[in-house]
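Encoded as structure tokens, the structure appears first; notes follow it.
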Amino acid sequence: MKLTFGIVVFPGSNCDHDAHYAVETILGQQARLIWHKEGSLGDVDVVILPGGFSYGDYLRCGAVARFSPVMKDVVRFAAGGGIVMGICNGFQILTEAGLLPGVLLRNRSLKFVCNQVHIRVENPQTRFTGLCQAGQVLEIPIAHGEGNYFAEPDTVKRLEDQERVVFRYCDPRGVLSDGANPNGSIHNIAGIVNEGGNVLGMMPHPERASDPALGHTDGRKLFDSIVESFVPALA
């Protein structure tokens, strides 16, 4: 039995087809593009909010997309324990929608960054990292101008204490440093989950590191982990 991934498309999304390709062609699962004006997600098992520049990033990244009709059902889906993955702009939308804490600010350099980076798996016990090891280093690309994660000290402490920081930027050896932080994110945070562990937001693009033809496949571990997490329910 295959899972159905619903990939939400906003005006300005540009990684929706990348995610669709990774899910359907690489993973062999079912994928469906969902236009932002739809009032319902339909019958899906996983929701992906893809990268891009929803609504041209006017006002603030993700701020307008948060009010798209489909987002009401995304919030409902997440509240019911549904798996939601926000990638890059999708992460920004999740924070604007209140599904994840914090905010994504302009990069420390005030420049758009597009590079291969290394991230360290901090929590392998999530539905997104179940096939990873604690401390494992993944090489996954980034492409953003506002990826500088920030939250108030008490929020960051809560994320740390509850092991909700899933990924941190690091060097190839897994060492955390300011030099390995491409955007200035507090505590080198690259990805976090909500309290229920079913909503992930991350700035790196795993869908762009899933096809061997691109020379990088570490991103596939996240998608495979999601699929694997459903196996007991599908058995």
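Bear in mind these aren't lab numbers, they're just calculated from the coordinates by the rules spelled out. Because the structure is predicted, anything quoted here is derived from the model rather than measured. Neighbour counts are summed over all protein chains in view; Cβ atoms, including those assigned to glycine, are modelled from backbone coordinates with ideal geometry.
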Problem set entry | Cut-off of 10 Å, at most 12 other beta carbons, DSSP loop: longest stretch of the chain lacking such trypsin sites (Lys or Arg not before Pro) | 38-110
Seminar exercise, completed: Taking N as the residue count of the range 135-221, its alpha carbon Rg divided by 2.2 N^0.38 Å gives 1.10
Problem set entry | Low-density loop positions, chymotrypsin sites (Phe, Trp or Tyr not before Pro), the range 48-95 - DSSP coil, at most 13 other Cβ in 10 Å | TYR58
For this session: Would you mind getting me the FRET efficiency between PHE150 and ASP43? Use the beta-carbon distance for r and R0 = 41 Å, nearest 0.05.
Result: 0.65
Problem set entry | Whole-angstrom gap from the range 203-219 to the range 145-167, using each part's C-alpha centre | 24
Exercise. Given a cut-off of under 8 Å on Cα pairs at least six residues apart, what relative contact order in percent is computed for the chain?
Worked result: 20
Exercise. For the residue pair LYS72 and GLU228, what label-to-label distance in nm results when each label sits 7 Å from Cα along the Cα-to-beta-carbon direction?
Worked result: 3.9
Exercise. Can you work out D for the range 4-234 in µm² s⁻¹ from Stokes-Einstein, where Rh is the Kirkwood radius over C-alpha pairs, the temperature is 25 °C and the viscosity is 0.890 mPa s?
Worked result: 143
For this session: Report the full-extension gain for the segment GLU195 to ALA79: residue separation times 0.36 nm, less the Cα-Cα distance, to one decimal in nm.
Result: 40.7 nm
Problem set entry | Sequence of SER229, SER109 once ranked by neighbouring C-beta atoms within 10 Å, starting from the fewest | SER109, SER229
Seminar exercise, completed: Rounded to the nearest Å, the spacing of the alpha-carbon centers of the range 37-56 and the range 170-196 is 26
Exercise. Remind me, relative contact order of the range 1-66 in percent, using alpha carbon pairs under 8 angstrom and six or more residues apart?
Worked result: 44
Exercise. For ILE83, which sequence-distant residues (separation of 5 or more, or a different chain) have an amide H within less than 5 Å of its own amide H, given hydrogens modelled in the peptide plane?
Worked result: VAL47
Problem set entry | Net charge of Cβ neighbours under 10 Å - reference PHE5; Lys, Arg +1; Asp, Glu -1 | 0
Problem set entry | Beta bridge orientation in the chain: antiparallel %, DSSP, nearest 5 | 55
